Amino acid sequence: MTRRSLLVGAAATTAAAMTACDSGSGGKASSRQTEKVTILTGVGFQGREAPIFVAREKGWFTEVGLEVQALPGKGTTDNLKNLVGGQATFATLDVSGALMEYTKPGGIKNFRLTSVLHQRNLACFIALKSSGINGPRDLAGKTLSYVPGGINHLLFATYAQLANFDPSKIKWVNAGPLQHAALLAERRVDAVSQFVPAVDSVRALAKQPITVLPFTDYLTDLHGSAVGVTADTAQNKPDLVRRFNSALLRGLKYAIDHPDEAGQIYAAQKETQGQKPEAAVSELKGLVGYIEGIADAPLGHFDMSRVARNIAILQGAGAVPAGLPPTDIVLTNLAG
């Protein structure tokens with residue numbers, strides 16, 4: 001064998017070894033053991049949670065060395081309790097609800113917000129037009145559905161104050177995430193707590209004209225949902241948080257760019273069996289205006305000037321005390 005043949009053979013062997021090391025996810029996950037993590041959705045499984053399943057189905061979590069299980073959330077308050085209690089690695093949290101919990105006496109403080117999913121708050125109330133509810137003041141003295149610890153309920157007093165009506169005589173009916181539309185259609189409540197992207201689904205079930213009362217009409221610059229972790233995880237496992245966020249935000253971008261495919265992916269998951277893809281598609285299409293073109297920051301990244309305005313609005317309404325620096329609760333270096 002010639003010297004040239006030996007050199008060529010050695011080079012080929014080295015190249016093959018390098019290719020084997022880099023195969024599968026571009027070498028990102030091959031050098032680490034796959035880590036199992038969990039994320040709590042906002043409330044149950046609804047179409048707006050499709051980015052989680054898109055990222056999982058497309059293998060983007062796997063690419064960054066993660067195996068992700070989605071767990072049904074129960075609103076910001078319960079999600080925070082479960083997060084700091086160790087029942088989940090990540091949690092979907094409403095930014096304003098998290099701020100309110102962080103600042104209240106005896107509130108939960110062992111968490112941080114790491115990436116923002118919705119740049120505008122999604123909360124609204126939906127009523128049948130035939131009910132005579134045409135504006136927020138018409139809600140006074142009515143029966144409303146809610147999710148305990150959900151943002152519609154947490155922000156209601158602030159919403160009522162800014163909309164100038166008395167919230168004290170409201171009758172609240174506890175409802176699961178998929179029960180609100182049925183309660184409204186059956187006239188068992190006067191209005192339901194919901195998120196704006198789900199309006200078409202409610203209208204389809206109600207089969208009659210509806211009135212939508214978005215919180216953003218009065219709470220103009222509040223964020224929607226964000227991904228939270230414990231303060232310990234943020235400090236001790238920043239790489240884990242970045243990897244998770246990068247894959248999830250990739251799923252978010254794909255879902256709003258390809259809502260029809262994302263809706264099919266969502267409806268095919270074991271967690272969402274029985275749900276129709278059309279409802280998820282409708283929610284994803286409705287999300288676009290709440291995600292893009294609002295903040296001077298990349299997708300999923302917090303614009304800290306808007307966080308400061310979010311805090312200022314809540315302070316002005318008496319929902320949180322003065323003196324909370326945004327950096328106490330929001331981390332800008334972990335979005336992926």
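Couple of notes before you dig in:
- ³J(HN,Hα) computed for each position of the stretch 188-193 - Karplus, 6.51 cos²θ - 1.76 cosθ + 1.60, integer Hz, glycine/proline x: 7, 9, 8, 7, 10, 6
- For Thr38, the residues 5 or more places off, or on other chains, whose built amide H falls under 5 Å of its own are Gln69, Thr89, Phe90.
- With Rh defined as the Kirkwood radius, the inverse of the mean 1/r over Cα pairs, the Rg/Rh of the stretch 209-336 is 1.01.
- Across the stretch 180-253, Cα-Cα pairs more than 16 Å apart make up 65 percent of the total.
- For Leu128, nonlocal amide neighbours, meaning residues 5 or more places apart or on other chains whose placed amide H falls under 5 Å from its own, are Thr211.
- Of the GluC sites (Glu not before Pro) in the stretch 247-315, those whose Cβ has at most 15 other Cβ within 10 Å and which sit in DSSP loop: Glu292
- Cα→Cβ-extended label distance, 7 Å offset, between Thr327 and Ala204, nm: 4.7
- A simple rule links phi to the HN-Hα coupling: the Karplus curve 6.51 cos²θ - 1.76 cosθ + 1.60 with θ = phi - 60°, which for the stretch 75-90 gives x, 4, 4, 5, 4, 5, 4, 6, 5, 6, x, x, 7, 8, 7, 10 Hz, with x for Gly and Pro.
- Take each peptide in 40-51, 156-167, count the other Cβ atoms within 10 Å of every residue, and average; sorted highest first, the result is 40-51, 156-167.
- In this structure the amide hydrogen of Lys74, modeled in the peptide plane, comes within under 5 Å of the amide hydrogens of Gly44, Asn79, none closer than 5 places in sequence on its chain.
- Where only DSSP H runs of four or more residues are counted, the chain gives -12000 deg cm²/dmol as its mean residue ellipticity at 222 nm, each run worth -39500 (n - 2.57).
- With the largest listed first and rounded to whole Å, the semi-axes of the equivalent ellipsoid of the stretch 278-336 from the Cα gyration tensor are 27, 16, 10.
- Pairs from Lys81/Lys129; Lys207/Lys270; Lys81/Lys253; Lys36/Lys74 whose Cα-Cα separation, in the structure shown, is over 32 Å: Lys81/Lys129
- FRET efficiency, 1/(1 + (r/R0)^6) with R0 35 Å, evaluated for Ala308 and Asn164 via beta carbons: 0.85
- Structural size metrics of the chain, computed from C-alpha coordinates, are Rg and Dmax of 22.6, 94 Å.
- Our summary of shape: the Cα atoms of the stretch 36-130 have principal axis extents of 45, 42, 21 Å, ordered from largest down, in whole angstrom.
- Rounded, prolate or oblate (a/c below 1.5 giving rounded, otherwise prolate when a/b exceeds b/c) for the stretch 67-115 by Cα gyration tensor: prolate
- Karplus-derived HN-Hα couplings along the stretch 41-54 (A = 6.51, B = -1.76, C = 1.60, θ = phi - 60°), whole Hz, x at Gly and Pro: 6, x, 9, x, 10, 10, x, 5, 8, 3, x, 4, 6, 5
Read the figures in this text as sums done on the coordinates, not as results from a lab. This one's a predicted model, so the numbers in the text were calculated from it and none came from an experiment. Every residue, glycine as well, gets a Cβ built from its backbone with ideal geometry; the counts of neighbours run over all protein chains shown.
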